[in-house]
Amino acid sequence: MSGTLIIAEHRQGELCQATLETITSAIKSHTPDIRVVVIGKQIEPFIEAVRIEGILEVIAIRTSSNDFDPDLYAVTLTMLINSYHPELILLPHTVNTIGYAAAVAADQRLGFATDVFDFSISNGIVTAIRSGYGQKVNVELGFPENRPVCLTLRPNIWKPLQANKAGIVIEIHPPVYSARCRHETYLEPKSSGDIDIPGAAFILSIGRGVADEKNVEEFLELADSLGATLGCSRPIADNGWLPKARQVGQSGKTASNCKLYIAMGISGSVQHLAGMKHVENIVAINTDREASIFNYARYGIVADMFEIAEELRNQFPE
Amino acid sequence: MKILVPIKQVVTLDEDFEFTPDNRDVDHDFHIYDLNEWDDYSLEEALLIKESNDSPIEIIVCTVGNEYADESLRKCLAKGADRAIRVWSNELKNTDSIGIARIIAHIARREEPQLILTGVQSSDFAHSTTGVATAGILGWPYAAVVNRFEPDHDFTKASILRELEGGLEEAMNIDLPAVITIQVGINKPRYASLRGIKQAQSIPIEEATPDSLGMIDSEIGESGSASIIKKMFIPEKLSTAIIIEGTPAQQASKLAKIINDFKGV
Ligand SMILES: Cc1cc2nc3c(=O)[nH]c(=O)nc-3n(C[C@H](O)[C@H](O)[C@H](O)COP(=O)(O)OP(=O)(O)OC[C@H]3O[C@@H](n4cnc5c(N)ncnc54)[C@H](O)[C@@H]3O)c2cc1C
């Protein structure tokens with residue numbers, strides 16, 4: 001057992017950024033013999049994009065479609081495990097990886113951990129760190145001996161290195177398999193109208209702490225009087241209390257141009273952080289002083305969001 | 001026809017929690033239990049399928065856990081699940097999500113459901129592993145992070161939508177039986193009626209063990225798992241937040257200053 005396998009991910013003609021981060025994590029952690037697998041139809045640009053200094057090979061597997069197919073990815077990974085006997089398999093922790101990696105891990109009896117944000121490998125022993133209990137604790141994991149270990153890595157942790165035509169490219173035939181879950185089409189998110197989270201410089205965001213639909217209005221008004229754009233966490237959009245266009249996070253919008261982000265009653269889940277943790281000035285307001293959001297904030301206010309809102313209104317009369 | 005809905009009783013931590021002496025968990029005295037948020041949606045989806053189908057459907061909820069987990073199973077029975085199975089024995093203590101999937105797979109082999117609906121993840125550990133791993137063990141088709149599920153009339157295929165990054169959705173078509181992991185927001189979970197709560201009290205919860213399910217040693221507990229918890233610790237603060245103290249009025253006036261500084265007022 002030796003070497004590192006990484007499966008690249010792409011969608012709608014674009015390589016997933018987290019793939020480059022995953023490759024970078026392997027290079028920075030000095031994992032042995034890094035092989036990056038690219039699966040799909042028009043894969044030339046992806047092959048070039050993953051040739052980062054430090055990799056050994058790109059394994060190109062040409063198939064009849066560019067779209068993700070869980071069975072294809074699972075069968076291919078299984079085939080490569082059995083031909084290369086890697087000690088480490090690294091995948092980006094994305095929706096597609098969630099959609100096949102665990103099936104292979106269980107079936108092939110791999111060591112396995114997801115959403116890992118730190119790992120090390122020494123003398124073949126892998127250690128990984130992930131979050132637990134709503135991110136209130138970190139968990140150090142070990143793995144069963146003498147088995148390949150597969151880790152899915154949290155996005156936005158490793159800063160990707162640039163490709164420079166490193167490594168060699170080899171071609172492998174795709175496995176024979178039958179597709180049981182077939183791609184049909186993509187549906188683009190609904191138009192956001194005049195709500196512009198990506199463009200906003202100042203966002204006031206509310207989470208489940210708002211407690212009730214009838215409380216939402218006062219925060220719309222507050223955001224207005226502060227000159228902020230109102231954002232929200234996912235449960236608020238799921239409940240239909242605010243339109244999806246206001247949702248910040250992995251499955252919503254990214255606060256790309258935000259300079260000041262005030263998070264009220266938001267715990268700071270990984271998926272919410274994905275859309276805002278890069279913001280320079282984050283102010284977190286939460287009644288729970290152990291909430292994970294405080295670990296990412298510049299300023300923390302341990303308080304009831306309604307009381308702070310009330311006082312803020314006094315400071316910023318309309 | 002049967003639908004199997006594996007559920008998890010999740011833990012939130014009480015304030016000022018402490019670790020166990022071996023540092024491998026948080027002391028259970030600080031555990032507060034609840035049904036996993038995602039499982040509320042997978043159960044609701046099963047109930048909706050049952051209600052919109054002419055032929056009878058039996059909904060079976062199952063979980064792995066000690067008697068504390070009965071509370072969450074009862075909640076599901078109160079909402080309309082037909083049967084509940086709880087699997088436990090002391091050898092299951094250090095079971096991870098892959099190990100749990102091995103147990104669910106055994107239940108599935110015994111019950112032969114046409115569909116398994118799990119949540120995308122649990123709110124406490126967010127592994128996003130159990131459902132897809134169960135499919136891998138059973139050799140079944142699977143789809144993860146699904147926010148629409150429409151089976152065809154004879155339940156051999158289903159049209160689904162998967163929710164991808166950035167709000168993009170992917171329409172797919174999947175063969176059944178399958179394991180589907182359900183995303184929050186797919187439906188509006190109901191509340192249990194008083195009558196439902198009352199009726200649920202009289203439905204017995206079946207207690208099973210790895211042994212009674214016919215599991216072999218290499219599938220059970222740590223042997224069937226893919227990871228071992230070495231220790232837990234408090235995360236290092238990534239940015240040391242400046243905590244703004246004082247009364248709400250004082251806190252708000254400091255916040256107002258931050259806002260005004262930002263605006264260059
Ligand atoms: C595939 C996937 C994609 C996802 N995408 C997203 C996404 O894009 N965006 C997103 O946000 N989530 C997303 N989620 C959901 C995410 O996992 C969390 O469930 C969600 O972010 C939690 O929202 P929250 O912080 O508002 O709620 P909670 O986690 O319930 O937190 C509420 C917080 O409010 C605090 N609070 C309560 N009352 C008050 C009060 N009066 N004053 C002050 N504080 C108070 C509590 O202490 C708590 O910290 C996704 C999940 C998955 C699996």
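The values are calculated or read from the model by the stated rules, or taken from the named source; none is laboratory data. Everything numeric in this text was worked out from a predicted model, so none of it was measured. Don't worry about glycine lacking a Cβ; one is built from the backbone with ideal geometry, like all the others, and counts go over all protein chains shown. Surface areas here come from the heavy atoms of the whole protein model, side chains and all, with no ligands, DNA or RNA. Shrake-Rupley method; radii C 1.70, N 1.55, O 1.52, S 1.80 Å.
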Shape metrics for the range B:30-187, restricted to C-alpha atoms - Rg then Dmax, Å: 15.1, 48
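With +1 on each Lys and Arg Cβ and -1 on each Asp and Glu Cβ, and nothing else charged, work out how big the dipole of the range A:147-189 is about its Cα centre, in Debye to the nearest 20. Walk me through the intermediate numbers first.
Working: 6 positive and 3 negative charges, 54 e Å.
That gives the range A:147-189 a dipole magnitude of about 260 debye.
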Relative packing of B:254-261, B:124-131, which averages over residues the other C-beta atoms within 10 Å, highest first: B:124-131, B:254-261
At a Cα cut-off below 17 Å, give the aspartates and glutamates reachable from B:K198, other chains included and same-chain residues fewer than 8 away excluded. B:D70, B:E71, B:D82
With a Cα-only, solvent-free Debye model of the protein assembly as shown, what are the log10 I(q)/I(0) values at q = 0.07, 0.08, 0.11 Å⁻¹? -0.42, -0.55, -1.08
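Would you mind giving the total buried accessible surface between chains A and B, with a 1.4 Å probe and ligands, DNA and RNA left out, rounded to the nearest 100 Å²?
Numbers: alone 16070 and 15340 Å², together 24080 Å².
Using a 1.4 Å probe, the pair buries roughly 7300 Å².
Keeping every protein chain in place, order B:L13, B:L48 by accessible area at 1.4 Å, biggest value first, i.e. largest first. The partial results should precede the final answer.
Numbers: B:L13 20, B:L48 65 Å².
Descending order: B:L48, B:L13.
Treating the beta-carbon of each Lys and Arg as +1 and of each Asp and Glu as -1, no other charges, what is the dipole magnitude of the range B:158-235 about its Cα centre, to the nearest 20 debye?
Details: 7 positive and 11 negative charges, 124 e Å.
My answer is approximately 600 debye.
If you average 1/r over all unlike Cα pairs in chain A and invert the result, what Kirkwood radius do you get in angstrom? Before the final figure, lay out each step's value.
Working: mean 1/r = 0.0468 Å⁻¹.
Kirkwood radius, chain A: 21.4 Å.
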Which percent, to the nearest 5, of DSSP beta bridges fully inside the protein assembly as shown are antiparallel? 35 percent
Inter-centroid distance (Cα atoms) of the range B:1-75 relative to the range B:101-131, Å: 11 Å
With no solvent and one equal point scatterer per Cα, compute the Debye intensity ratio I(q)/I(0) for the range A:202-315 at 0.21, 0.22 Å⁻¹ and report its log10, rounded to two decimals. -1.16, -1.30
When the helices in chain B are scored as -39500 (n - 2.57) per DSSP H run of 4 or longer and the sum is shared across all residues, what 222 nm value do you end up with, to the nearest 500 deg cm²/dmol? -9000 deg cm²/dmol
Which of the chymotrypsin sites (Phe, Trp or Tyr not before Pro) across the range B:149-258 are loop residues per DSSP, with 13 or fewer other Cβ within 10 Å? B:Y191
For B:R24, solvent-accessible area (1.4 Å; no DNA, RNA or ligand), Å²: 80 Å²
Report, in cubic angstrom per residue, the convex hull volume of the C-alpha atoms of chain B. 188 Å³
Towards the positive end of the charge dipole of the range B:11-78, with charges on Cβ (+1 Lys, Arg; -1 Asp, Glu), say which of B:N53, B:H31, B:L77 has the farthest Cα. B:N53
Expressed in angstrom, Rg and Dmax over the Cα atoms of the range A:1-65 are 11.4, 35
Listed by chain and number, the lysines with an alpha carbon less than 23 angstrom from that of A:K165, same-chain partners under 8 positions apart left out, are A:K28, A:K41
Let me cross-check B:W38: its accessible surface, 1.4 Å probe, with only protein heavy atoms counted, in Å² to the nearest 10? 40 Å²
Which Cα, out of A:F306, A:A245, A:S225, lies furthest along the positive dipole direction of the range A:202-315 (beta carbon charges, K/R +1, D/E -1)? A:A245
At 10 °C in a medium of viscosity 1.306 mPa s, the range B:1-63 has a Stokes-Einstein diffusion coefficient, with Rh taken as the Kirkwood radius over alpha carbon pairs, in µm² per second, of 113 µm²/s
Highest GNM mean-square fluctuation among B:K157, B:K237, B:K50, for chain B with Cα springs under 10 Å, belongs to B:K237
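Mean residue ellipticity at 222 nm from the helices of chain A, using -39,500 (n - 2.57) per DSSP H segment of n ≥ 4 over the full residue count, to the nearest 500 deg cm²/dmol? Kindly include the intermediate steps, with their values, before the conclusion.
Values: 9 runs with 76 residues, N = 318.
Counting only the DSSP helices, I get -6500 deg cm²/dmol.
Can you tell me the FRET efficiency between A:R208 and B:V265 if r is taken as the Cβ-Cβ distance and R0 is 35 Å, rounded to the nearest 0.05?
Numbers: r = 32 Å, r/R0 = 0.90.
Using R0 = 35 Å, I get an efficiency of 0.65.
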Mind computing the radius of gyration and Dmax over the alpha-carbon atoms of the range B:149-212? Å is fine for both. 17.5, 45
Cβ neighbours within 10 Å from other chains - mean over A:271-277: 1
Ignoring any ligand, DNA or RNA, what whole percent of the accessible area of chain A comes from carbon and sulfur when the probe is 1.4 angstrom? 48 percent
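Tell me which trypsin sites (Lys or Arg not before Pro) from the range A:89-194 have a DSSP coil assignment and no more than 10 other beta carbons within 10 Å of their own.
A:K165, A:K190
Per residue, what accessible area does the protein assembly as shown have, given a 1.4 Å probe and all protein chains present, in Å²? Before the final figure, lay out the partial values.
Working: 24080 Å² over 583 residues.
Per-residue accessible area for the protein assembly as shown comes out at 41 Å².
Can you pull out the GluC sites (Glu not before Pro) in the range B:5-55 that DSSP calls coil and that have at most 14 other Cβ atoms within 10 Å?
Details: sites: B:E15, B:E18, B:E37, B:E44, B:E45, B:E51; in loops: B:E15, B:E18.
Answer by residue number: B:E15, B:E18.
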Please give the helix A:305-315 orientation as an angle from the longest Cα principal axis of chain A, in degrees from 0 to 90, rounded to the nearest 10. 50 degrees
Under a straight-distance cross-link criterion of Cα-Cα below 21 Å, which lysines are reachable from B:K157, leaving out those fewer than 8 residues away in the same chain? B:K2, B:K50
For the range A:1-30 and the range B:203-219, distance of Cα centres in Å: 40 Å
Treating only Lys and Arg (+1) and Asp and Glu (-1) as charged, each at its beta carbon, one finds that chain A has a dipole about its Cα centre, in Debye to the nearest 20, of 740 debye
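Which links in A:K214/A:K259; A:K244/B:K237; B:K8/B:K188; A:K259/B:K263 stretch past 22 Å when you go from one Cα to the other?
Numbers: A:K214/A:K259 29 Å; A:K244/B:K237 31 Å; B:K8/B:K188 19 Å; A:K259/B:K263 10 Å.
Over 22 Å apart, Cα to Cα: A:K214/A:K259; A:K244/B:K237.
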If each part is reduced to its alpha-carbon centroid, the range A:117-136 and the range A:230-284 end up apart, in Å, by 27 Å
Tell me, what is a quarter of the convex hull surface for the C-alpha atoms of the range A:4-171, in nm² with one decimal? 9.1 nm²
